[in-house]
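All remarks here apply to the structure that follows.
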Amino acid sequence: MKLIDAKLIKFLAVGILNTIVGAGIMFLLYNCFECSYWLASSCNYIFGGVLSFILNKYFTFNNKQKSIKQIIEFILTIIICYLIAYIAAKNIIHYFLRNKSIMLRDNIAMITGMCLYTGLNYIAQRFLIFRNKKNEQ
């Protein structure tokens, strides 16, 4: 297995689309509508999650499996990756930028959380959720 392959490139392309949609929603809710850090960032992953599931399942990983179990695993993966990434990002950024405004810290934490989430989510989707069992040997 190569470190960078077609699946990673496709995953990143889907991620760019998700980022445009999700980050747009997240930063709009946080900065314009004054929604909380948690509400704004979670809306990003609710809307992005649906798009991500469809595009990554069929386009990125060419996975034909049809099961409720896979959907549940995908949802749990998104939740776990989201919580790990955004809790870690918020704590780290708020610690290192403790003398800056809350709005600046939260915006930087959201960007950091997006990066952490992307890495965790790729690993989980590729090797757990959408692995092609017939290709494993």
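Points worth noting:
- Residue in the range 1-57 that is farthest from ALA88 (Cα to Cα), counting only those that are more than 15 Å from the chain's Cα centre (by Cα) and of a type in the set (Gly, Ala, Ser): ALA6
- Put simply, of SER52, SER67, SER41, SER101 the only residue that is surrounded by fewer than 15 Cβ atoms within 10 Å (Cβ to Cβ), polar (S, T, N, Q) and within 30 Å of ASP5 (Cβ to Cβ) is SER67.
- Residue count for the range 21-67 under the criterion of being outside any helix (DSSP H, G or I), touching a residue at least 12 places away in the same chain (Cβ under 8 Å) and of a type in the set (Phe, Trp, Tyr): the result is 1.
- Check on TYR37, touching a Cys at 6+ places or on another chain (Cβ under 8 Å) and of a type outside the set (A, V, I, L, M): no
None of the figures in this text is laboratory data; all of them are computed from the coordinates on show. For clarity, every value in this text was computed on a predicted model and none was experimentally measured. Note that we place each Cβ from the backbone using ideal geometry, even for glycine, and neighbour counts take in every protein chain shown.
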